[in-house]
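> I have a structure I would like to understand better, so I am pasting it below and will then ask my questions one at a time.
We did not get these values from a lab; they are worked out from the coordinates using the rules stated. Worth saying up front: this structure is predicted, and the values here are computed from it rather than measured. Note that each Cβ is placed from the backbone with ideal geometry, even for glycine, and that neighbours are counted across all protein chains shown.
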Amino acid sequence: MQGRPNKNIHLTKPLSKKLNYKSDVNYKTKKIESELTKKQIAKNSVSSVNQKPSKYSRYFSPFIIIITAVVFFNTLSNGFIDNLDDNDYILHNEIIKHFDWKNLKEIFSSFYGANYHPLTMLSYTLEYKFFGLNPFTFHLTNYIFHLLNVILVYLFLNRFTGKQWVAAISSLFFAVHPMHVESVAWISERKDVLYTFFFLLSLCSYSKYLITKKKKKYAIFSFCWFLLSLLSKPAAICLPFVLVLMDFYYYNKFTWKHFTSKIPFFALALVFGIIAVFSQRSVAAIQDITPVFSIFDRVFMVSYTTVYYLLMSFIPFNLSVLHYYPVKSGGFLPYEYYFALPVLLLIIWGVLKSRTFKKELIFGLLFYLVTIVLVLQILPFGGAIVSERYSYIPYIGIFFIFGQFFSYVKEDKFSFSNKIKSITFFIFVTFSVLYCVLTYERNKVWKNGEILFTDVIEKYPEQGYGWFVRGNSKNEKKNYKAALIDFDKAVKLGCNDVDLFMNRGIVKANMGNYSNAITDFNVAIRLKPAYSLAICNRGTAYDKIGKSDSAIADYTKAIELNQNYTDAYFYRGIVYDKIEKYESAITDYSKVIELNPNYDIPYFSRGNNYFKIGKFNNAIADYNKTIELNRENMDALFNRGYAKLYSNDKKGACNDWLSAQQNGYPQAASALQMYCK
């Protein structure tokens, strides 16, 4: 053993040269070994980068885009889904109807629909500003983003794997798979196609980061795209894990450095994850299902959802916008839930035992898992056990496996006979055509809310909720008789949704059956005592049957629950007007004007009450404001004439009545004849 050198010993010059020479050799050896390691990594990860491209490769991307454009073209003629989120996000959403700094601030600082997705809301705002409530425009935007996403899937996988066939097969299946219809054909799922767009841009930038020397530049790009993806939908928080998976595939190993280098990404994901939890809790979207499903049950439920999405990637069947939680019988879940766990374990065992294809299976399946894990019902939310839209990004991992398998067969990496290879190619073509046909037909189901939930009822006829939601669509179209039939069916099947009774009460009231409407409002209020909307509606029903005191009591209660409830103030003002409590009516109308100063009717109503108590100048001021806000309000113009008459402005009165007559107001002629001869 060599001892420690004595500090008094001086090395001779020749010996020093010899040692320096050895040091050089060691350095060069290490450098050569490092270069060999880098070459091996490149060989393991992107072995096909330098392969001769297929003579057809330049046609891959245009062909896939044309197929996608044709398959989804019929979504452009669809309308809004008026009984689902399109109502809240677009049709009745005041936020998107004003493109100004105030609304922009609200878009970026508040939750909407139990989500924080300001870029998605901003896209709706821009569409409304330039095109109004035209469903074609909203569908066209989704359509374009899906086409862009298909291109990005192709570019990402082509760059990352270096295999054009992998990119082509994966992007084709991503483009036309029936499970993706929900994300594209449903306007309210704009957040899916939008966050995926930025998500894929981030992956493209990171793949460039892995294969280029300009690493810092592309890493920054990847981070910026990630931020935009998060601002489109919080589901993008899984992206840092995908980047780690890309490191694994590229370097053929997991290391802590792969995690630590993503600290900025993980930190940003954590921030948006916390925001997402708060947004879901703001409307109680996260459910407590422990009274119905035990921890033991939920293990099987998570296994079921994991296997369900995998199975549907191969054989998409029984598609529906709603897939309900299982109904336990005798304390047990349906048999398929128990069967799913051994199937999942078998899949894991098969992956671990695989050899030639192991790396591709691990990458593809982990890509699928890390991007779908948040919606596997580990943390239960929403009213569905599974939802087709959740497969949009996760299926990239599954289709990556499909593409790699096809590439391996084509490159003879499996010991398949020519007959087996031909069968394999035939299966891929058959499934591609089948998916195109199924997707094209599925798009038609998303024509409108009534057709969509007729489909739900066909799949789940014994679930009352589907009947209830279809009834809402019929109610929106003022088809009250048909809506009532659906609502009655929902109640008969045991649907106990508070809004079912509230909406059925509204339908009965619209049909003039106020007493039965009150009965339904009572049920809704019993189920939800602080339901101010049901209380206000009951007040209106009481008013219609002449019970003014009961109506005022309900409106007052609704206001106590919601101090800014404009409708309750307005309708209470109407009742006060009827029972000749004009000062009280004026107070309520003034409150409505304070809360909504740009609505003409409260000014008109207050003006009428000022007129009744002889405050003609005040009445004229309110009529002026009414006409300013709505020049087509001839009632205000006609009434202002009388207010002017009683204020000794006969000329002004006659001018108002003449103007009203010229605009087709029939009562103006008699006023002109009586006072303006």
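> What nm value, rounded to one decimal, do you get for the distance between K97 and R355 when each label is placed 7 Å out toward the C-beta?
So the two model labels end up 6.8 nm from each other.
> Under a plain spin-label model, where a point goes 7 Å from the Cα along Cα-to-Cβ, how far apart in nm are Q673 and K650?
My value for the distance between the label points is 1.9 nm.
> If I model a spin label as a point 7 Å beyond the Cα along the Cα-Cβ vector, how far apart are those points for T260 and L527 in nm?
Going from the T260 label point to the L527 one covers 5.6 nm.
> On alpha carbon coordinates alone, what is the Rg over Rh value for segment 57-445, Rh being the Kirkwood radius? Don't jump to the answer; show the numbers that get you there.
Values: Rg = 21.0 Å, Rh = 22.0 Å.
Using Cα coordinates only, the ratio equals 0.95.
> With Cα extents along the principal axes in Å in mind, check (1) 127, 67, 54; (2) 69, 60, 54; (3) 174, 83, 48 and report the label derived from this structure.
(1)
> Taking the Cβ of R389 as the centre, find all other residues whose Cβ is under 12 Å away and add up their charges (Lys, Arg: +1; Asp, Glu: -1).
Numbers: positive: R190, K191, K233; negative: D85, E182, E189, D192, E388.
Once all neighbours under 12 Å are counted, the net charge is -2.
> Taking a ≥ b ≥ c as the square roots of the eigenvalues of the Cα gyration tensor of segment 500-619, is the shape rounded (a/c under 1.5), prolate (a/b larger than b/c) or oblate? If you can, show how the numbers build up before the last one.
On the way: a/c = 2.41, a/b = 1.86, b/c = 1.30.
Since a/c reaches 1.5 and a/b is larger than b/c, the shape of segment 500-619 is classed as prolate.
> Another question, then. For every other residue with a beta carbon closer than 10 angstrom to the beta carbon of K421, add +1 if it is Lys or Arg and -1 if Asp or Glu, then tell me the sum.
Values: positive: K410, K419; negative: D412.
Counting the neighbours of K421, the net charge comes to +1.
> Quick one: plug the Kirkwood hydrodynamic radius of segment 598-677 (C-alpha pairs) into Stokes-Einstein at 20 °C, 1.002 mPa s, and report D in µm²/s. Could you put the intermediate results ahead of the total?
Details: Rh = 12.2 Å.
D = 176 µm²/s.
> Starting from the Cα-Cα distance between N663 and N516, subtract it from 0.36 nm times their residue separation and give me the gain in nm to one decimal.
On the way: separation 147, 0.36 × 147 = 52.92 nm, distance 4.16 nm.
So the chain would gain 48.8 nm between N663 and N516.
> Within a Cβ distance under 15 Å of L452, other residues only, what is the Lys/Arg minus Asp/Glu net charge? Could you put the intermediate results ahead of the total?
On the way: positive: R389, R442, K444, K447, K459, R470, K474, K477; negative: D82, D85, D86, E182, E189, E388, E441, E450, D455, E458, E476, D486.
Charge balance in the 15 Å sphere: -4.
> Right, next: What is the helix-to-structure angle for 480-492, meaning the angle in degrees between its Cα long axis and the longest Cα principal axis of the chain, kept from 0 to 90 and rounded to the nearest 10?
Taking Cα atoms only, the helix is inclined about 60 degrees.
> Taking a ≥ b ≥ c as the square roots of the eigenvalues of the Cα gyration tensor of segment 514-577, is the shape rounded (a/c under 1.5), prolate (a/b larger than b/c) or oblate? Intermediate results must be reported in sequence, preceding the final value.
Values: a/c = 2.30, a/b = 1.09, b/c = 2.12.
In terms of gyration-tensor shape, oblate.
> Another question about this same structure. Per 0.36 nm of contour for each residue apart, how much would the distance between K129 and L227 grow if the chain were fully extended, relative to their Cα-Cα spacing?
Numbers: separation 98, 0.36 × 98 = 35.28 nm, distance 2.55 nm.
Between K129 and L227, full extension yields 32.7 nm more.
> Any chance you could run the full-extension gain for I545 through F414? It's 0.36 nm times the residue separation minus the Cα-Cα distance, nm to one decimal.
On the way: separation 131, 0.36 × 131 = 47.16 nm, distance 7.99 nm.
Taking 0.36 nm per residue and subtracting the Cα distance, the gain is 39.2 nm.
> Going highest first, how would you order 402-408, 562-568, 245-251 by mean Cβ packing within 10 Å? Walk me through the numbers on the way to the answer.
On the way: 402-408: 21.7, 562-568: 17.4, 245-251: 19.9.
So the peptides 402-408, 562-568, 245-251, ranked by packing, come out 402-408, 245-251, 562-568.
> Follow-up question, since we're still on this one. When a footprinting reagent is the concern and you count Cβ atoms within 10 Å, what order do F198, F521 take, fewest first? It would help to have the intermediate numbers written out before the result.
Working: F198 23, F521 29.
By the 10 Å Cβ count, ascending: F198, F521.
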